[in-house]
Every structure is written in structure tokens, then in C-alpha cells.
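The block underneath contains the structure these notes are about, expressed in C-alpha cells.
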Amino acid sequence: LLPILEFPDPRLRTKAAQVDPAQVTSPEFQGLVDDMFETMYAAPGIGLAATQVDRHLRFMVIDVSEDKSAPMVFINPEIVSSQGKRAYQEGCLSIPGIYADVTRADTIVVRYLDREGKQQELPAEGLLATCIQHEIDHLDGKLFVDYLSPLKREMVRKKLAKARRHAA
Ligand SMILES: O=C(O)C[C@@H](Cc1ccccc1)[C@H](O)SCc1ccccc1
Ligand SMILES: [Zn+2]
């Protein structure tokens, strides 16, 4: 399992670099993808961005199915269109115990390279669209708490500091 960075770790603010398409089929990269799926399922989570495990490359793994039956890899993802708005109570594996409503586009089309390095274009809506947008934010060093008011974000910081003190 790969350790997941936790807020306010500054490494979570790193902007990830494009993946070299020639690297995608290498054993090293494929091994990292496998490790990320294992880490995500163990958390458990439905998405995990490479940034969260301190690998600053533009890719993420997602599986919104109930039974781990729909693993998806998005490499160098870019949203090419987005429509509508939808609020969803988001959590984040890097900000444990904090949940808040975040409004994002309801329907998107995302262009990316798949696990074989093949260019794909996928329409997504609902939870999958929310998750894709949440993970791409990670690759840009953004966290869902950035969408909260400064007051609310301060409350989050205090709550996490307190939880860390009690855990120590
Ligand atoms: O930290 C992450 O990126 C994993 C996130 C992905 C996510 C957050 C909000 C909304 C959709 C996806 C989650 O912590 S995975 C845990 C989870 C499970 C079911 C529904 C929502 C979140
Ligand atoms: Zn997250």
C-alpha cells in the first residue's frame, strides 16, 4: 500500500507533470497503477490521484462500482466540455473525517489516455463526473476545501489539528 498524503501537507499542492505516453506501457508505470488501485480499494475510496501518493504525474484511478468491477485509469485527463451544476457532499482520502457540499459540473466529456496508452473520450455524469473533477483538481494541487469559505476552511484546519493532537 502507498501512504496517502494528508492535508495540509504542502506536497498536495504540487502541479503534476504530463505523463510521457511512451512510459504508459512500462512495467514501472503499470506497477504504480496497480499499487494505486490496491491503495484506493483498501482506503476504501472510489478515486485516487497520483498526487495523493506523492507521485506528481497527471493520472488517477477511479472505480465508482459497488463491487470493484469498473476500474478506470485516466492519464493526462482534460475536460473538453462541461454542462450543468450539481452539489455533492464530498470527502477526500487526504482530508479524513471532513465532508462538505461542493458544486461541480453535472455532465462532462473527458479526453485521456487509457491504461494501454490509447486516446479515449468519455462522457460522464453524476458521481463519476464529480469524481473525475475531484481527481483532476488533485493533479492541479487543488483540494475540495479550497471551495469552502475561509471561515469554513479555518474550522477544517482546527478540527484536523485537534484530531492529530488526540491521535498523538
Ligand atoms: O480523495 C479522493 O480523491 C477520493 C475521494 C473521491 C471522491 C470524493 C468526493 C466525491 C466523489 C469522489 C473519496 O474520498 S473516495 C470515498 C468516497 C466513497 C463514496 C462516495 C464518495 C466518496
Ligand atoms: Zn481527494
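The values are calculated or read from the model by the stated rules, or taken from the named source; none is laboratory data. It should be emphasised that the depicted structure is a prediction, and the values quoted were computed from it without experimental measurement. No Cβ is skipped: glycine too gets one built from the backbone with ideal geometry, and neighbour counts run over all protein chains shown. All accessible areas refer to the heavy atoms of the entire protein, side chains included, with ligands and DNA or RNA removed. Shrake-Rupley method; radii C 1.70, N 1.55, O 1.52, S 1.80 Å.
Take 138, 166, 56 and sort them by solvent-accessible surface of the protein heavy atoms, 1.4 Å probe, largest at the top.
Final ranking, largest accessible area leading: 166, 56, 138.
The angle between the Cα long axis of helix 126-139 and the main principal axis of the chain comes to about 80°, on a 0 to 90 degree scale. Note on region 1-156: with neighbouring protein chains present and a 1.4 Å probe, carbon and sulfur make up 53 percent of its accessible heavy-atom surface.
Label separation (residue 153 vs residue 38): 3.6 nm, computed from points 7 Å beyond Cα along the C-beta direction. Taking every DSSP helix (H) stretch of at least 4 residues in the chain, weighting each as -39,500 (n - 2.57) and dividing the sum by the residue count yields a mean residue ellipticity at 222 nm of -9500 deg cm²/dmol. The residues neighbouring residue 132, those whose beta-carbon lies less than 11 Å from its own, together hold a net charge of -3 under the Lys/Arg +1, Asp/Glu -1 convention.
The lysines whose alpha-carbon is closer than 17 Å to the alpha-carbon of residue 85, local same-chain residues fewer than 8 away aside, do not include any residue.
Largest GNM mean-square fluctuation among 139, 57, 32, using the chain with Cα springs under 10 Å: 32.
Compared with the dominant principal axis of the Cα atoms in the chain, helix 150-167 is inclined by about 80°. Within the assembled protein chains, the solvent-accessible surface assigned to residue 78 is about 100 Å², based on a 1.4 Å probe.
Helix 27-42 and the longest principal axis of the Cα set of the chain meet at an angle near 40°.
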